[in-house]
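Chemist: Sharing a structure here in C-alpha cells format.
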Amino acid sequence: MGNVLASSFSPSPVTPPAPPTGAPPPPSAGDSFTSDETVKVNGLNPGAIEDLHKKCKDIFPVNFEGAKLMVNKGLSNHFQISHTLSMSSITPSGYRFGATYVGTKQLSPTEAYPVLLGDIDPSGNLNANIIHQFNKHIRTKFAAQIQDSRYVASQLTTDFKGHDYTASLTLGNIDIFNGSGVAVLHYLQSVTPKVAAGAELAYQYGSQVPGGEIAVLSLAGRYTGQNCVLSGTLSTAGAHICYYHKGNDQVQVGVEVETNLRLGESVATIGYQLDLPKANLVFKGTVDSNWTVGAVLEKKLQPLPFTLALSGMLNHAKNQSRFGCGLIIG
Amino acid sequence: MASEEGESGFELMNVPENSEESSQIKKEDKEAEAGTSSSSALESGEPVGLFKTDDDDDLDESLGERLWGLTEMFPESLRSTVWSMMAGTVGSVKWFYGFSRSAFWIFFSSSAILIAPVIFEIERMQMEEMQKQQQRQILLGPSAAVSSSSGMGMMMPGPPPPQQQPSQH
C-alpha cells in the first residue's frame with residue numbers, strides 16, 4: 001500500500017484550449033472516480049466527463065521516438081523519485097528528474113491523498129501536479145507547467161462527485177494581467193445503470209479570441225454494455241465517437257471516429273491491445289485512416305524489475321517512420 | 001465500264017512510262033559510263049510501277065515498312081481494335097506491377113509493425129513451455145508432463161510416447 005504504481009503515460013488534456021497536464025504520469029490512485037478493471041461502473045456514479053472515452057483511449061498506443069531510459073526508485077511508502085534520460089533527434093534530448101509524494105490521508109486501500117507529482121529538468125522547466133481529495137465528494141487538481149521562468153500553462157480542476165452524478169469546473173490559463181482564460185463546466189449524470197448523459201460548456205475569453213469571448217456547448221453520452229462501451233460527444237465544433245469491446249481476457253479492441261467540422265476533416269482509428277501475462281507482454285497496435293500504423297510493445301524482463309518498451313510508427317502517406325525504444329528500471 | 005476505264009487509264013499510264021523508261025535507260029547508260037550513283041532514278045521523279053523489278057526501289061523500303069504495309073490488308077476497325085487491345089494490355093500490366101509493389105510494401109511493413117512482434121513472442125512462449133514440460137518429464141517421469149500441460153492448446157494425447165525423450169536419441 002502506498003506504493004504508487006505510476007502508469008507509463010499521462011492522460012490527455014480536458015479540452016483543446018486547456019493546457020496539457022505535462023509529462024509526469026499520475027498515479028493510479030487518481031482513478032477512484034472511474035471504473036476499475038471491470039466494465040461496470042462502481043455503484044451509480046458515472047465518473048467524470050474527462051474519463052468518458054477513457055476505456056477506449058487506453059487501448060491506443062502512445063508512440064514515442066528515440067531512446068528513453070527511466071530509473072524509478074521508491075524511497076519510502078510515500079515517496080518515489082525517477083530519473084529519465086531521453087535521447088532523440090526530434091524532441092530535444094535531456095535529463096529529467098521526477099518526484100512523487102503520496103500523502104497520509106487514506107480513503108481506501110488503493111488511494112491516498114494528497115498526491116504531489118513533479119518533473120523538472122536542469123534548465124528549470126517544470127511540470128507539477130497536485131491532487132487532493134478534501135472529502136468523499138470533492139476532489140481538486142492543480143497542474144502547472146513552467147518554461148523559461150514563466151507559466152506556460154496552468155489548470156485548476158474541481159470535481160464534485162454526487163450520488164449518481166459528477167460535476168466539475170476547470171479553470172485554465174487564467175491570466176489576470178492580460179484578462180484571458182478558459183473556464184470549462186462539466187456535468188455527467190447516470191440516467192440508468194447502463195446509460196450516462198451529460199454536457200460540457202467551454203468558455204474562453206481574452207483579447208486573442210475573436211469577439212472577446214467564445215463559448216462552446218457539447219453533449220456527451222455513454223452506454224455500457226455487457227463487455228462493450230459506446231461513448232460519444234457531439235458539439236457544433238465536431239463529433240467524437242468511441243467504441244470499446246472486450247473480446248476476452250487477452251484481447252481488447254477499440255474504434256474511434258473524430259470529426260472536426262471547423263477544419264472539415266475526420267479521422268477514424270482502430271486499435272487493439274493484447275495481454276499475454278504468461279509472456280509478460282502488453283502489445284498495443286493501431287491503424288489510422290491517415291494511412292498510419294503504430295504499435296507499442298511492453299515486456300517485463302523477469303526476474304529483474306526491468307520493462308522494455310518498443311515503439312514503432314509508420315506513415316504510409318508521407319512515407320515517414322518513427323521508432324523508439326525505452327527501458328524502465330524499477 | 002469501270003474496268004474498261006481502268007484499263008484504258010492503265011494503258012495511258014504505261015505509254016508515257018515506257019517512253020520515260022526508254023529515255024531513262026538511255027540516261028542510265030550514259031551515267032553508268034560517267035560513273036554516277038543509281039539515285040538518279042529517284043531524282044527523275046518516276047513513280048514505281050507494279051511490274052518493275054528494280055532493285056534500287058526495294059532497298060528504299062526497310063523491313064519494318066514492308067511489314068507495316070502488310071497490315072494494310074486488314075480493315076481499319078480491326079486494326080484499331082487490335083491496337084487498342086494491345087496498348088490496353090501493356091498499360092494494365094504496367095499499372096498492375098506498380099500497384100502490386102505498393103500493396104506488398106504496405107502489407108509487409110505494416111505487418112512487421114503490427115503483427116510480427118506478437119507472433120514471435122507467442123512462439124517463444126510456446127517453446128519455453130514445451131522445454132519446461134520436457135524438463136519436467138525427464139526429471140519426474142512421464143505422468144508429470146501430462147498433468148502439467150498448460151491451457152495453451154498443447155494437449156498431449158495420452159501418455160507421452162517414450163521416443164520424445166532426448167536421451168534416447
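Values in this text are rule-based calculations from the coordinates and carry no lab data. Remember, it's a predicted structure, so these values are computed and weren't measured experimentally. All Cβ positions, glycine included, derive from the backbone under ideal geometry; neighbour counts span all protein chains shown.
Chemist: Take residues that are in contact with a strand residue (DSSP E or B) (Cβ under 6 Å, 6 or more places away or on another chain) and hydroxyl-bearing (Ser, Thr, Tyr) and tell me which of the strands (runs of 3 or more DSSP E) falling wholly in the range A:136-193 contain 2 or more.
Modeler: So the answer is A:150-161, A:165-175, A:180-190.
Chemist: Looking at the range A:221-254 only, could you name the residues that are aromatic (Phe, Trp, Tyr) and out of contact with any strand residue (DSSP E or B) (no Cβ under 8 Å at 6 or more places or on another chain)?
Modeler: None; the set is empty.
Chemist: Of all residues being basic (Lys, Arg) and either away from chain B (no Cβ under 13 Å) or surrounded by fewer than 18 Cβ atoms within 10 Å (Cβ to Cβ) (or both) in the range A:249-290, which is nearest to B:SER111 (Cα to Cα)? Just the residue, please.
Modeler: The extreme case among them is A:LYS278.
Chemist: Please specify each residue of the range A:194-212 satisfying the condition of being free of Cβ contacts under 8 Å to residues at least 24 places away in the same chain and not in a strand (DSSP E or B).
Modeler: Answer for the range A:194-212, where residues must be free of Cβ contacts under 8 Å to residues at least 24 places away in the same chain and not in a strand (DSSP E or B): A:PRO210, A:GLY211, A:GLY212.
Chemist: Which numbered condition trips up A:GLY232, out of (1) within 14 Å of chain B (Cβ to nearest Cβ); (2) among the small types (Gly, Ala, Ser); (3) out of contact with any Pro (no Cβ under 8 Å at 6 or more places or on another chain)?
Modeler: Going through (1) within 14 Å of chain B (Cβ to nearest Cβ); (2) among the small types (Gly, Ala, Ser); (3) out of contact with any Pro (no Cβ under 8 Å at 6 or more places or on another chain) one by one, A:GLY232 breaks only (1).
Chemist: If we keep just the residues of the range B:72-112 that are within 12 Å of chain A (Cβ to nearest Cβ) and of a type in the set (Ser, Thr, Tyr), which is farthest from A:ALA309 (Cα to Cα)?
Modeler: Step by step, filter the range B:72-112, then rank; the result is B:SER102.
Chemist: Pairs under 8 Å by beta carbon, first residue at the interface with chain A (Cβ under 9 Å from one of its Cβ atoms) in the range B:113-125, partner among the basic types (Lys, Arg) and not in a helix (DSSP H, G or I), six or more apart or different chains?
Modeler: What qualifies is B:GLU121/A:LYS299.
Chemist: Kindly evaluate A:SER311 against the criterion of being without any contact (Cβ under 8 Å) to a residue 12 or more places away in the chain and of a type in the set (Ser, Thr, Tyr).
Modeler: No, not satisfied.
Chemist: Can you tell me which condition A:LYS318 does not meet? The list is (1) among the basic types (Lys, Arg); (2) within 14 Å of chain B (Cβ to nearest Cβ); (3) surrounded by 13 or more Cβ atoms within 10 Å (Cβ to Cβ); (4) more than 27 Å from A:LEU85 (Cβ to Cβ), and all the others hold.
Modeler: (3)
Chemist: Related question: With the range A:60-111 as the region, which strands (runs of 3 or more DSSP E) entirely inside it contain at least 3 residues that are more than 28 Å from A:ARG322 (Cβ to Cβ)?
Modeler: A:79-87, A:94-108
Chemist: For the range A:291-315, give me the residue count where each residue is more than 12 Å from every other protein chain (Cβ to nearest Cβ) and either closer than 15 Å to B:ILE106 by Cα or surrounded by fewer than 16 Cβ atoms within 10 Å (Cβ to Cβ) (or both).
Modeler: 5
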